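Q: Can you read through this structure? Questions will come right after.
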Amino acid sequence: MNAAIQQLLEAQQRSGFPDLRGSDAALTFPISDRLINEAIALFLPENGKVREVLIQSHDGNRITARVRTGSSLLPTIPVGLEIEKQPTMPNDASVWLKLSHSSKFVTLAASALPAMVKLPPGITISGEHIGVDLRRLLAERRLDSWLAYVTDLRLSTREGAVVVHVHATIR
């Protein structure tokens, strides 16, 4: 991007986009499993207890995560997840997933996971529920100010992608 245009946009952002007041946008964008898996790999610590997490999205708000630990004694663990609760913007930017078709082993492993690995800020595991606080995840990267414009946020899935539906307004 041209440096002058970038400076102009950054100045607008710092002041709340006063020259774009009244803008309204609805966006729907699918994020492929491949891209999500690449992003997950970037955030997993080298030599951590969890070596790999690969997700596969399915129709109907369902995701399968295949988790490989650092132990050669344990096989790859498939974990079924369902999107259970959507964010309620602007107050709550959290998405909640529920373990689905989980065996007692998977539920036990999920509850033990926080003790085994350091979860990223914004990820919470409570019993068979996994919370993803998008505001906190974005704050870690200094991107949370963008949520001020989001009036509605929904996640869904289709084969091979997580679909993000966003409605944003500049007031």
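Read-outs: derived from the displayed coordinates by stated rules, not from any lab. Just so it is clear, the structure is predicted and the values come from calculations on it, not from any experiment. With ideal geometry, Cβ positions are generated from the backbone for all residues, glycine too; neighbour counts draw on all protein chains shown.
Q: If you rank Glu52, Glu159 by fewest surrounding Cβ atoms within 10 Å, what's the result? Show your work: numbers first, answer last.
A: Details: Glu52 14, Glu159 10.
So the ranking, lowest neighbour count to highest, is Glu159, Glu52.
Q: Taking a label point 7 Å from the Cα of Gln56 along the Cα→Cβ vector, which residues of segment 1-42 have an amide N closer than 15 Å to it?
A: 33-34, 37
Q: Shifting gears a bit: So how strong a dipole does segment 19-169 carry about its Cα centre when Lys and Arg Cβ are +1 and Asp and Glu Cβ are -1, to the nearest 20 debye?
A: Numbers: 17 positive and 16 negative charges, 86 e Å.
I would put it at about 420 debye.
Q: Test of understanding: what is the full-extension gain from Asn91 to Ala139, defined as 0.36 nm times their sequence separation minus their Cα-Cα distance?
A: Numbers: separation 48, 0.36 × 48 = 17.28 nm, distance 1.49 nm.
So the chain would gain 15.8 nm between Asn91 and Ala139.
Q: Hey, another quick one. Out of [x] 11, 43, 38, 7, 0; [y] 9, 32, 34, 17, 8, 1; [z] 10, 38, 37, 14, 1, which label holds the value of P(r) over Cα pairs in 10 Å bins from 0, in percent that was computed here?
A: [y]
Q: Still on this model: I want to check the label-to-label distance for Phe43 and Ala11. Put each point 7 Å from Cα in the C-beta direction and report it in nm to one decimal.
A: Inter-label distance under the simple model: 3.5 nm.
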